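Worksheet: the structure to be examined is printed underneath.
The values are calculated or read from the model by the stated rules, or taken from the named source; none is laboratory data. Here the structure is a predicted model, which means the values were calculated and not measured. All Cβ positions, even for glycine, are placed from backbone atoms using ideal geometry, and neighbour counts span all protein chains on display.
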Amino acid sequence: MSLFRTALRPSAFTARVRQYATEAPKKKSNLVPMTLAVGGLGGLAYYTYATRSGAVPVALPSALNPEEFVSFTLKKVVPYNHNSSTFIFELPPKTSSKLPVASCVVVQAAEPEALQDKKGKPVIRPYTPISSADNTGELVFLIKKYETGVMSKYIHELKPGDSLKVKGPISKFPYKENEFDEVALIGGGSGIPANTTKFKLLFSNVTEEDILMREDLDALAKKHPKHLELVYLLDKPKEGWQGPKGYISADVIKKYVAPPTAERTMVMICGPPGQVAAIAGKKAGFQQGEIGGVLKELGYTADQVFKF
């Protein structure tokens, strides 16, 4: 989905949607869409995994530590496409990540001095696992390799048996069941039956081959057509592409996302700094910063926008 960084680009909205799917809504609401802009697919990742695996949440202790880095051993690497792979790390027996909704972890090299920035400090990057928060024994990341991405290149060079240090969870946004009628996810680069929320994913990529987790997303949308709508946008589509083309623009947002005049509309965005700035204005370090970009032009206010 920033949110940290996920598979596509460091980021994500990791939602424990299975819990929501198995609980009846506490009350009906007249709420209208929440827009969630993500630069990756951390969003829906948990539900996708839980649906695929039949995982049932159990009371397991967390293998993570929010106060310090913990080393985990890489068990397996599974190539995904031309520039992305799935990295499966081992967790101690009878533990899981226990990653809360809309949170992430940060990672650094097993030997921090081996990967430093220009100031001599260890390189640290946020990522969101695609594995279930209650998945026993494994922590799974889907990571795209960027030639200018120091950490992504480092991780892609790891071999089974190597280690990576992880710290977390780091909570970003307090997602609440049925707080919104609709969630529109807008992502670039890189199941909810009993819950009344409808999810929309506007996902932009360079080519069709760059759409990570498409098979899982399409399966989810097919299974829950009333609760999940997918819109893929391509910068360089092949001949015959029927979907939208180009970047996520004002026209795209106006077409697919609830207007700022709708009650309880929330726009969440994460992704590359340039994308965040163009859509919602620059962040001010770890602070939200002033709203700007396309969303400001369309009339969205600061309390309707959250930047991961």
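Please specify each residue of the range 278-287 satisfying the condition of being part of a loop (DSSP other than H, G, I, E, B) and either among the basic types (Lys, Arg) or surrounded by fewer than 19 Cβ atoms within 10 Å (Cβ to Cβ) (or both). The answer is LYS282, LYS283, GLY285, PHE286. Just one of the numbered conditions (1) in contact with a Gly (Cβ under 7 Å, 6 or more places away or on another chain); (2) not in a strand (DSSP E or B) is not true of LYS238: (1).
For GLN275, the conditions (1) buried (at least 16 other Cβ atoms within 10 Å of the Cβ); (2) polar (S, T, N, Q); (3) part of a loop (DSSP other than H, G, I, E, B) all hold with the exception of (3). Residues of the range 259-270 include at least one that is more than 26 Å from PRO126 (Cβ to Cβ) and aliphatic (A, V, I, L, M).
For the range 245-276, a residue qualifies if it is in contact with a helix residue (DSSP H, G or I) (Cβ under 6 Å, 6 or more places away or on another chain) and closer than 21 Å to GLY149 by Cβ, and exactly one does: ILE269. Tallying residues that are surrounded by fewer than 17 Cβ atoms within 10 Å (Cβ to Cβ) and either in contact with a Pro (Cβ under 8 Å, 6 or more places away or on another chain) or at pLDDT below 90 (or both) within the range 288-308 yields 4. Scanning the range 101-130 for residues that are among the hydrophobic types (A, V, I, L, M, F, W, C) and assigned to a loop (DSSP other than H, G, I, E, B) returns VAL101, ALA102, ALA110, LEU115, VAL123, ILE124, ILE130.
Considering only residues of the range 91-128 that are on the phi > 0 side of the Ramachandran plot and surrounded by 14 or more Cβ atoms within 10 Å (Cβ to Cβ), which is farthest from the chain's Cα centre (by Cα)?
First, the residues of the range 91-128 that are on the phi > 0 side of the Ramachandran plot: 94, 98, 102, 120.
Okay, now just the ones that are also surrounded by 14 or more Cβ atoms within 10 Å (Cβ to Cβ), so 98, 102.
On the way: LYS98: 16, ALA102: 8 Å.
For the range 91-128, the residue satisfying everything is LYS98.
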